[in-house]
Structures are given as C-alpha cells and as structure tokens.
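**Q** A single structure is presented below for examination.
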Amino acid sequence: MTYPLPFALTPGEPAGIGPDLCLLLAREQQPAALVAVASQPLLQQRARELGLAIELISVTPDNLPITPAAAGSLYVWDTPLHAEVAAGQLNVQNGPYVLETLRRAGEGCRDGLFAGMITAPVHKGVINEAGIPFSGHTEFLAELTETPQVVMMLATRGLRVALVTTHLPLREVADAITAERLGRVARILHADLRDKFGIAHPRILVCGLNPHAGEGGHLGREEIEVIEPALEALRGEGLNLIGPLPADTLFTPKHLDHCDAVLAMYHDQGLPVLKYKGFGAAVNVTLGLPIIRTSVDHGTALDLAGTGRVDTGSLQVAIETALEMARSSQSA
C-alpha cells in the first residue's frame, strides 16, 4: 500500500541506541517512507562507528518523499545538534535538540506533513537537568496538540493493554480510580480501537482493582462503589465492557482470545503481563491524540549505543502499528 504522506521517525536521545536503531532498520526497504528527524552528521558518525554503509538522503518540509527509501538508505530532515555526541555519554546541552526533533515531528503530524510519528527512547533525566521541565513524550505531545486527555496503551502481537492510571505511587492509585477518570479513559480507548485500529465493535476486558476484584466487598469496595457503576453507565453509551474481572485470571486464553483490549487499573497490573508476552516486540501507543504516535517499549540502553548489539524488533513493531493505524484512519 502506498501512503499519501511519509512518517516521521525521531531517534530520541542522541547518545543512546535510537540512532543505531534507525540506521540498522535502513538496511532493508521499509513498507512506507520514513523520515528521520535528526542530526545528519550524528547519523553519519554513528553509521561509521557501526560499520554501516547507509546513504543519508536530505529532505526538507518542502520536499518530503512518499515512496519508501531503497534498502541501504534513509531520508533525513537534518536537525542541528547543540553539542558533539559520544555514544553512551549523556550531554545536557543536547536536551533542547531532543525536544526540537519531537516538536518538528509532532507539528508535522498536526499540520498534515506526516501520516504519523514513531519515537525512539528519550532520557527524561538529562532533559530536566538541562533546565527544561519534561515528563515524557506523552505529555509533550498532548500539550503540543492541545489534547486534554490521553491514554497510554502498550501492545504486542495478540494483546493490547491500556491503563486507567499510569505513573503513580501505588498508595495513590485507589483514590485516583474515579468514575470520571474511568469514563474518560474507556471512551478514548473505545474510540481509538474503532477509528485508528478499524475494530467496528471493540470488546474490552476491565480489570478489578483489588485481589479477586474485591470478592464481593470483602477485599475492598472500589469495585462495588466506583468501578461497577461506572462501567454500567458506559455500557448505556454503547461500550462493550466486560468486568470488573480478577486480574490474576483475566490474562488467560479463555478471556483474551475473545477481546480486543484489556483495561488495567494501574501500571504494574497490566504491563508486566504484556512485557512478559512480547518484550522486544511491543509498542507504546498514545491514544486520544489527534495524531498517530507509536514508540518502542524500551529505554535508551546507553551501554549498547554504537556497538551494533541492539534488537530492532520493538521499533519494527512500532512502525507496523503506525502503518496499521494510518490505514484504519484512512478508511474510517
């Protein structure tokens, strides 16, 4: 399938494995035009360190390609570094560079230059040390696109898991599970499964918060007082929500074979299962944005940068997922 627009690829932290992933991926022709929004000299330097003969083809917003680059080549929208880069060595001076690559890609998606964006890992700490408040890709893109509510979903082949709460201390989770939050998250998940994944009638399994989903109130009353009434109201809106179910038995073939996604109450309820099933071949998807954004499921791996000993599997799945979402969005 030929896509009418290219996809932006941001390598993230320049000292990490993001540049390596982009270059290693470029050894083979990809199914769509991918434009690395990155420093071209950085990619040239890293290609030499990796012993890769990759042709870097300069593009600009005025001449973006729509046909895939040939095997052994990579389109690059050159974005200047703020300081030289040594593989594996963080430099706070390049914090603004990372955000500029994200801004260019995000605005390009927002303004119709790109069909979507695929992101490699960033190092949040070094960006903050540069004096720039930064919580992550998700929050940055939500602000850039003026999106009030987004949802984090990880997916691998055969399983999608979205989260009601994300990076909260465990002692704060129960108070954060409100009917309002559940409603917002479930509606976004339902809408994006339909509109961006092409699932006409999404079937969503919902985890309980407590062990055994509260066991009739004996192990907690959140299911009775908050979750069940919220789900019932959402069913009245046409959402197909099954639960709340005990999380320890929900993640079994009996249930998963007949669902399109799982809605987990908190980070470590759903993501350990997904990462056990598909680590290295999983993708992080930001739902609720007006643009398509997918990302790898791993970090910057500074110790592996420049060595060539990295697995491109997660980036490949992130690209495949972005293309799937673009196809579904076109036909929606």
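**Q** Residue check: is residue 110 basic (Lys, Arg) and more than 22 Å from residue 328 (Cβ to Cβ)? Explain how you work it out, then say what you get.
**A** On the way: basic (Lys, Arg): yes; more than 22 Å from residue 328 (Cβ to Cβ): no.
No: the conditions fail for residue 110.
**Q** Specify the residue that is least open to solvent (accessible area, probe 1.4 Å); the eligible residues are those in the stretch 292-332 that are in a loop (DSSP other than H, G, I, E, B) and within 17 Å of residue 199 (Cα to Cα).
**A** The first filter runs over the stretch 292-332 and keeps only residues in a loop (DSSP other than H, G, I, E, B), leaving 292, 297-301, 305-312, 332.
Going one step further and asking which of them are within 17 Å of residue 199 (Cα to Cα), we end up with 292, 332.
On the way: 292: 12, 332: 90 Å².
Looking at the filtered set, the residue picked out is 292.
**Q** Okay, next question. What do you reckon, is residue 64 assigned to a loop (DSSP other than H, G, I, E, B), assigned by the TED database to the domain that holds residue 260, open to solvent by 20 Å² or more (accessible area, probe 1.4 Å) and not β-branched (Val, Ile, Thr)?
**A** no
**Q** Next question, about the same structure. In the stretch 168-183, what residues are of a type outside the set (Ser, Thr, Tyr) and in contact (Cβ under 8 Å) with a residue 24 or more places away in the chain? If you could, list the steps in order and put the result at the bottom.
**A** So the first thing to find is which residues in the stretch 168-183 are of a type outside the set (Ser, Thr, Tyr), and the list is 168-177, 179-183.
Matches in the stretch 168-183: 168, 170, 173, 174, 177, 179, 182, 183.
**Q** Tally the residues that are on the phi > 0 side of the Ramachandran plot and under 14 Å from the mean Cα position of the chain (by Cα), restricting the search to the stretch 279-332. Break it down into steps so the answer makes sense when it comes.
**A** Quick first cut of the stretch 279-332, residues on the phi > 0 side of the Ramachandran plot only: 280, 288, 301, 306, 308.
Going one step further and asking which of them are under 14 Å from the mean Cα position of the chain (by Cα), we end up with 280, 288.
Result for the stretch 279-332: 2.
**Q** Among helices (runs of 4 or more DSSP H) lying entirely in the stretch 174-254, which contain 3 or more residues that are more than 16 Å from residue 264 (Cα to Cα)?
**A** The qualifying helices (runs of 4 or more DSSP H) are 179-195, 228-235.
**Q** Further, regarding this structure: Report, ordered by the first and then the second residue, all pairs with beta carbons closer than 6 Å, sequence separation of six or more or different chains, a first member in the stretch 138-149 that is closer than 17 Å to residue 98 by Cα, and a second member that is among the polar types (S, T, N, Q).
**A** Every condition considered, the pairs that remain are 138/286.
**Q** Which of the residues belonging to the stretch 67-87 are under 23 Å from the mean Cα position of the chain (by Cα), under 29 Å from residue 126 (Cα atoms) and in a loop (DSSP other than H, G, I, E, B)?
**A** 79
**Q** Looking only at the stretch 69-114, count every residue that is of a type in the set (Lys, Arg) and open to solvent by less than 40 Å² (accessible area, probe 1.4 Å) and tell me the total.
**A** Going through the stretch 69-114 one residue at a time, the tally reaches 0.
Yes/no matrix, rows are residues, columns are (1) at pLDDT below 95; (2) of a type in the set (D, E, K, R); (3) in contact with a strand residue (DSSP E or B) (Cβ under 6 Å, 6 or more places away or on another chain):
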{"site": "55", "(1), (2), (3)": "no, yes, yes"}
{"site": "63", "(1), (2), (3)": "no, no, no"}
{"site": "66", "(1), (2), (3)": "yes, no, no"}
{"site": "77", "(1), (2), (3)": "no, no, yes"}
{"site": "107", "(1), (2), (3)": "no, yes, no"}
{"site": "139", "(1), (2), (3)": "yes, yes, no"}
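**Q** Right, something else. Under 17 Å from the mean Cα position of the chain (by Cα), buried (at least 16 other Cβ atoms within 10 Å of the Cβ), within 30 Å of residue 208 (Cβ to Cβ) and not hydroxyl-bearing (Ser, Thr, Tyr): is that true of residue 154 in this structure?
**A** yes
**Q** Could you look through the stretch 221-243, keep only residues that are free of Cβ contacts under 8 Å to residues at least 40 places away in the same chain and among the hydrophobic types (A, V, I, L, M, F, W, C), and pick out the one that is surrounded by the fewest Cβ atoms within 10 Å (Cβ to Cβ)?
**A** 224
**Q** Further question on the same structure: Can you pull out every residue in the stretch 27-58 that is open to solvent by less than 10 Å² (accessible area, probe 1.4 Å), over 19 Å from residue 87 (Cα atoms) and without any contact (Cβ under 8 Å) to a residue 60 or more places away in the chain?
**A** Selection gives 33 alone.
**Q** Within the stretch 89-106, does at least one residue satisfy the condition of being outside any helix (DSSP H, G or I) and within 15 Å of the chain's Cα centre (by Cα)?
**A** In the first step, residues of the stretch 89-106 are kept if they are outside any helix (DSSP H, G or I); the result is 89-91.
The next check asks that each one be within 15 Å of the chain's Cα centre (by Cα); those that pass are none.
There is no residue in the stretch 89-106 that is outside any helix (DSSP H, G or I) and within 15 Å of the chain's Cα centre (by Cα).
The values are calculated or read from the model by the stated rules, or taken from the named source; none is laboratory data. As the structure is a prediction and not an experimental result, all values here were calculated from the model. So basically every Cβ, Gly included, is an ideal-geometry build from the backbone, and we count neighbours across all protein chains shown. Keep in mind that these areas ignore ligands, DNA and RNA; they rest on the heavy atoms of the full protein, side chains included. Shrake-Rupley method; radii C 1.70, N 1.55, O 1.52, S 1.80 Å.
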